[in-house]
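Nothing in this text is a laboratory measurement; each read-out follows from the coordinates by a stated rule. It should be emphasised that the depicted structure is a prediction, and the values quoted were computed from it without experimental measurement. Quick reminder, even Gly has a Cβ in these numbers, built from the backbone with ideal geometry, and neighbours come from all protein chains shown.
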Amino acid sequence: MTDFMMLQRRDALKSLLALSAAGALAACVGEGKSEGSAKKLSASPKLSASEMALISAMAQTIIPKTDTAGAVEAGVPAVIQSLFTEWGDDNYRTYWRAGLDNLEQHFLKSGGQAFAKMTPSQQANLLGKYDAKAYGEAGFDDFYKSMKSTIATAYYMSEPGATEELAYEAVPGEWRGCVPLSEFPKTWAT
Amino acid sequence: MADFDAIVVGSGISGGWVAKELCERGLKVCVLERGKPTKPDRDYSDFLDPWETQHFDRISNDVKKRDFSITGLSYAQKESNRHLWMTDREHPYERLGNQSFTWRRGAHVGGRSLLWGRASYRLSAYDFEVNKADGEGVDWPVRYDDIAPWYDHVEKFAGIAGNRDGLAQLPDGKHFQPAFEHTCAELDLKEKLKTSFPDRHLIMGRVAHLTQPTEEQTALGRGQCQARNRCHHGCSYGAYFSSNAATLPAAERTGNLTLLPNSAVSKLLHDPVENRITGVEIVNTITGVGSTHTAKIIFVNASTIGTTLILQNSATEAYPTGLANSSDQLGRNLMDHIGGSQVGAHVPGHLDRYVTGRRAIGAYIPRYRNYPKQEESYKRGWGYQVYSGRQGWGAPSGVGDGFKAANRAPGPWGIMLDAFGECLPNPNNTVRPHKTKADKWGQPIAVIHLTLGPNEKALMKAAHQDALDILDAAGFDGLYEAQKPSEDSGVFKVRTHEMGTARMGRDPKTSVLNGWNQSHDIPNLFVTDGSFMTSSAVQNPSLTYMAFSARAANHAADLLQEGAL
């Protein structure tokens, strides 16, 4: 057997590659060798307030509040802090820190201020463009795609993400393999 | 006067069955389990919702490096069930050379019966005759007709959900419970195979889940499968077969069972005058205190490699290379099913259909190559486990409302064929005790040598090409090779189906056990875990271990009654 649920994820292979290569990629993350990669990064086992602000702003831009919770309302930033401090190893932390720094530098340059300080429409505009490049050009910024996958996982595994945005049954009771989509129109969270 | 009528070493799938059958025959039985006691309230994590898990329920790299440095992690290992897996740190082993075999083990009462994949297939008449026909290994001392009533016996009690498909290479059971439904993608492929490859059949997987529990099953506290797919966390409904849900409670209620957890067997005690096993020496894994327990008959069910090590570590003057090893076959012929080929495809259409519930088994394409006649340049064949579904959420491109909307609706259908190849018995694939290294209880650790031969390599290459052809001929597109056989054309690392190191045979000179799972050398010694397997076939093996365990236990009880032991 294999975990088909995992394979079914739209980004499964990409995110696996990103994780396993995290250490190797840490040194050369992001678009080109920007000034970000040359400077000394913090070694703190905790994400700083400014790093958290960047993550929260990007997560909320990717998954905004609509008629259902956005990433922040669903608690995504706290999940990422916990992964970073409790779960990740030093390679993982270096990978994230370098990747976040690269993104911050990019947005400072392209938007003139910290991403977290921008208006929602400016955030959506700049991150949308960055996202299109990350998915359009191989090797442009693999950290970004890995981070986005983590944000998506944290959101869709949260209670509002699983039960309100998507559909979730803790105890389905039965399996049916080929039923009308109209009866179950939303993606199952698990 | 012996302490017990019988001692059973190990409480996993095969040991649980032996204990149940012997207890029901009125024997006083002691089951020794090296792992911890299993308490469902404390140890099962099947009711955790996704947001109740920590870190997406993934085991961290630091823990992986510390505890699973040899085996790595499998799909079934999660943070919340981590305590059920034996760690390489406490239970190390070595592999010769650059080898891929991974030894995944349960660390608790019930063993791997709590963690298994639950696919349940019979071996066929062909499988029991093929060694004789093509000259590999030795002839099975058993034919399908000998074991068929015991397959009936164990299927009825365990509860197997499946269809009666009428295929000679995969015999049907008499007592199947209703099968799970196919997905639309499987139904599509099933139909197309009828014209593209009429000798290849896609059937619903047969699985040890209760879909219509019998009175016998509910009386044990077992309930119907709730389609949660949380099986590797233990099942509070007792809906899939495990020692914990089924055989141990059945043994317990006879009043004849003594279960001793935290009891690792150091050696079996052999009386050279009587040529009998008189008992076992154990060490308590918590206190380190040793003790001896005696019995009239001994069943060793410590899993293939564990059983082999115990027999080897019990060597005496009369049996210098290991108990019951006058044939020199103990520790040889290690087999596992071969992996390393997974081919997926996009299945067009069916976009107005979806699934509900979480089915804990896939579909199956049984063996078809070289069946019933040898036709290819390689011997034997493979079966495909088939996984399918609609794509779920992920991190596709886009941000904002569009991103949410893309994930809210299910994606296209996909299907994947995962080949399980047969492994030939090769006397040079071995399990040996380490000459100097011991575990923390003083037992020499296993050294495992398992390499692919030319037949396994050729077979997996063919399996991979066939998978591509099957999906292509079905008109599916977007074919992708999630795993592709490399130069080695396959791997031993993903199946957890190790077997064969104390094989059955007709001739005591070339086999360890006779056709009743009884040692040729020492009549009151029985082995019914995977080590008895004379060939690997391609089917997931646990159901076969169950049938042989029940048959051997009843035979041993007969012999004891007749005074023959």
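Remark: pairs (first residue in the range A:167-189, within 7 Å of another protein chain (Cβ to nearest Cβ) and touching a residue at least 24 places away in the same chain (Cβ under 8 Å); second residue surrounded by 16 or more Cβ atoms within 10 Å (Cβ to Cβ) and of a type in the set (S, T, Y); Cβ separation under 6 Å; 6+ apart in sequence or on different chains) = A:A189/A:Y156; A:A189/A:Y168.
For the range B:221-268, a residue qualifies if it is aliphatic (A, V, I, L, M), crowded, with 20+ Cβ neighbours inside 10 Å and more than 14 Å from every other protein chain (Cβ to nearest Cβ), and the qualifying residues are B:A245, B:A246, B:L248, B:A250, B:A251, B:L257, B:A264, B:V265, B:L268. The set of residues in the range B:6-31 that are small (G, A, S) and either more than 21 Å from the chain's Cα centre (by Cα) or part of a strand (DSSP E or B) (or both) comprises B:A6, B:G26.
The lone criterion from (1) farther than 23 Å from B:R122 by Cα; (2) not in a helix (DSSP H, G or I) left unmet by B:D558 is number (2). Of the residues making up the range B:437-456, just one is free of Cβ contacts under 8 Å to residues at least 60 places away in the same chain and either crowded, with 19+ Cβ neighbours inside 10 Å or touching a strand residue (DSSP E or B) at 6+ places or on another chain (Cβ under 8 Å) (or both), namely B:A438. The requirement of being among the hydrophobic types (A, V, I, L, M, F, W, C), free of Cβ contacts under 8 Å to residues at least 40 places away in the same chain, in a helix (DSSP H, G or I) and buried (at least 18 other Cβ atoms within 10 Å of the Cβ) is fulfilled somewhere in the range B:118-131, by at least one residue.
No other residue among B:N333, B:N370 is among the polar types (S, T, N, Q), assigned to a loop (DSSP other than H, G, I, E, B) and either within 14 Å of chain A (Cβ to nearest Cβ) or buried (at least 23 other Cβ atoms within 10 Å of the Cβ) (or both) apart from B:N333. Please indicate, with yes or no, whether at least one residue in the range B:402-410 is among the hydrophobic types (A, V, I, L, M, F, W, C) and part of a strand (DSSP E or B). Looking for residues that are among the hydrophobic types (A, V, I, L, M, F, W, C) and part of a strand (DSSP E or B), one finds none in the range B:402-410, hence no.
In the range B:524-548, which residue that is in contact with a Lys or Arg (Cβ under 9 Å, 6 or more places away or on another chain) and within 11 Å of B:F299 (Cβ to Cβ) is surrounded by the fewest Cβ atoms within 10 Å (Cβ to Cβ)? Quick ask: steps written out before the conclusion?
Filtering the range B:524-548 down to residues in contact with a Lys or Arg (Cβ under 9 Å, 6 or more places away or on another chain) leaves B:524-525, B:528, B:531-540, B:542-544, B:547.
When the remaining residues are screened for being within 11 Å of B:F299 (Cβ to Cβ), the result is B:524-525, B:528.
Numbers: B:N524: 22, B:L525: 24, B:T528: 31.
Filtering first and then ranking leaves B:N524.
The number of residues in the range A:68-105 that are surrounded by 22 or more Cβ atoms within 10 Å (Cβ to Cβ), more than 11 Å from chain B (Cβ to nearest Cβ) and more than 28 Å from B:K65 (Cβ to Cβ) comes to 1. Going residue by residue through the range B:101-115, is there one that turns out to be crowded, with 20+ Cβ neighbours inside 10 Å and at positive phi? Among the residues of the range B:101-115, at least one is crowded, with 20+ Cβ neighbours inside 10 Å and at positive phi, which makes the answer yes. Residues in the range A:129-161 that are at the interface with chain B (Cβ under 8 Å from one of its Cβ atoms) and among the basic types (K, R) were compared, and the one that is nearest to A:F84 (Cα to Cα) is A:K148.
Considering every residue within the range B:78-87, establish whether at least one is more than 14 Å from chain A (Cβ to nearest Cβ), within 30 Å of A:Y155 (Cα to Cα), out of contact with any Pro (no Cβ under 9 Å at 6 or more places or on another chain) and of a type in the set (A, V, I, L, M). Looking for residues that are more than 14 Å from chain A (Cβ to nearest Cβ), within 30 Å of A:Y155 (Cα to Cα), out of contact with any Pro (no Cβ under 9 Å at 6 or more places or on another chain) and of a type in the set (A, V, I, L, M), one finds at least one in the range B:78-87, hence yes. Here B:E155, B:E186 are screened, and the one residue that is of a type outside the set (K, R) and more than 21 Å from the chain's Cα centre (by Cα) is B:E186. Checked against (1) part of a loop (DSSP other than H, G, I, E, B); (2) within 11 Å of another protein chain (Cβ to nearest Cβ); (3) surrounded by fewer than 15 Cβ atoms within 10 Å (Cβ to Cβ), B:S69 passes all but a single condition, namely (2).
Elements of the type helices (runs of 4 or more DSSP H) sitting completely within the range B:183-277 and holding at least 1 residues that are closer than 28 Å to B:G16 by Cβ: these cover B:215-219, B:248-252. When you scan the range B:32-52, do you find a residue that is part of a helix (DSSP H, G or I), within 14 Å of chain A (Cβ to nearest Cβ), closer than 22 Å to A:T150 by Cβ and among the charged types (D, E, K, R), even just one? Within the range B:32-52 (the criterion being part of a helix (DSSP H, G or I), within 14 Å of chain A (Cβ to nearest Cβ), closer than 22 Å to A:T150 by Cβ and among the charged types (D, E, K, R)), the answer is yes, since at least one residue qualifies. From the set of residues in the range A:134-144 that are in contact with a helix residue (DSSP H, G or I) (Cβ under 6 Å, 6 or more places away or on another chain) and not in a loop (DSSP other than H, G, I, E, B), which is surrounded by the most Cβ atoms within 10 Å (Cβ to Cβ)? Applying the filter and picking the extreme gives A:Y144. Against the numbered list (1) within 23 Å of B:H350 (Cα to Cα); (2) among the hydrophobic types (A, V, I, L, M, F, W, C); (3) not in a loop (DSSP other than H, G, I, E, B), B:W393 comes up short only at (3).
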